[in-house]
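See below for the structure under consideration.
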Amino acid sequence: MRRLRSSCWHDLSYLKSHWQLLAITALVFALWHTPVVVPLKILVVFLHELSHVVAVWLTSGSVEQISLSPAQGGFAVTRGGSRFSILSAGYIGSLLMGVALLLAALRSTADRYVTALLGAMMLLITVLYVRDLFAIGFCVAAGLVLLGMARFLGHAANDLALRVIGLTSVIYVPFDIFDDTIARAGLPSDAHMLAADFGGPTILWGGLWLVISVTVILACLRHIRGSSSNFSLRPRP
């Protein structure tokens, strides 16, 4: 009986300490198949392509173009660099970026700076590599919105924005990996190209990325479990 009471108290304490994150996650799931979440999904696709870009930069390659589509797709055209690293970076890199945005909101007070950095990065990538009309429009609009939030809105609004973007990435990436590389393994994807270049079936690479993504998510949840993740809606003095 004591163990049962202790377990119930622990569960209630966890809900009380993290009810805001749980509410945001539930809301994102509830709206997942509605147009409301589409801009967030496309933003996660941008993080996916940005991860390819970062891998190219780190392995001394060059980026020719990146693109986004209204259907939540995208691609990056690159030259040189480590093919293995570049192909592997998309899903895992976008997940790590989402986790980083979430932890920045939860564990720092630099929310406005992080929001501004993300907005500025979107505009910079647009100038350097984006060529098609939809991707230009989306990246410029999203970048300006993020910069406007950082400039004119307070800590709470920017904190909430980073939480929503971070959680959407954390939710989206495992589903995207499963859908692109396991459920529809025959379709073109990073895993499909990796299998063609380095051997092994597409599902093997997709399964490996899925295991890595779930491990990263569990590590993130373990990291934030100890203290409350709720934030105050009152403006800071």
ask   = Is at least one residue of region 162-171 surrounded by fewer than 21 Cβ atoms within 10 Å (Cβ to Cβ), over 15 Å from the mean Cα position of the chain (by Cα) and either on the phi < 0 side of the Ramachandran plot or of a type in the set (Lys, Arg) (or both)?
value = no
inquiry  = Being β-branched (Val, Ile, Thr), at pLDDT below 90 and outside any loop (DSSP other than H, G, I, E, B): is that true of residue 171 here?
reply    = yes
ask   = Can you name the residue in region 164-216 that is free of Cβ contacts under 8 Å to residues at least 24 places away in the same chain and among the β-branched types (Val, Ile, Thr) and, of all such residues, is nearest to residue 149 (Cα to Cα)?
value = 215
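If you check residue 110 against the conditions, is it in contact with a helix residue (DSSP H, G or I) (Cβ under 9 Å, 6 or more places away or on another chain) and closer than 25 Å to residue 63 by Cα?
Values: in contact with a helix residue (DSSP H, G or I) (Cβ under 9 Å, 6 or more places away or on another chain): yes; closer than 25 Å to residue 63 by Cα: no.
No; evaluated as a whole, the condition is false for this residue.
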Residues satisfying the stated conditions in region 112-156, i.e. surrounded by fewer than 17 Cβ atoms within 10 Å (Cβ to Cβ) and of a type in the set (Gly, Ala, Ser) = 120, 137, 141, 148, 154, 156
remark   = Exactly one of 81, 143, 119, 148 is in a loop (DSSP other than H, G, I, E, B), more than 17 Å from residue 212 (Cα to Cα) and among the small types (Gly, Ala, Ser), and that residue is 81
message = Can you go through 50, 27 and tell me which one is hydrophobic (A, V, I, L, M, F, W, C), in a helix (DSSP H, G or I), in contact (Cβ under 8 Å) with a residue 60 or more places away in the chain and surrounded by 14 or more Cβ atoms within 10 Å (Cβ to Cβ)?
response = 50
request  = Quick one: in region 186-214, of everything that is farther than 21 Å from residue 44 by Cα and not in a helix (DSSP H, G or I), which residue is modelled with the lowest pLDDT?
outcome  = 186
ask   = Looking at residue 87, is it out of contact with any Asp or Glu (no Cβ under 7 Å at 6 or more places or on another chain), in a helix (DSSP H, G or I) and either closer than 28 Å to residue 175 by Cα or touching a residue at least 24 places away in the same chain (Cβ under 8 Å) (or both)?
value = no
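The values are calculated or read from the model by the stated rules, or taken from the named source; none is laboratory data. It should be emphasised that the depicted structure is a prediction, and the values quoted were computed from it without experimental measurement. Using ideal geometry, Cβ is built from the backbone for each residue, glycine included, and neighbour counts are taken over all protein chains shown.
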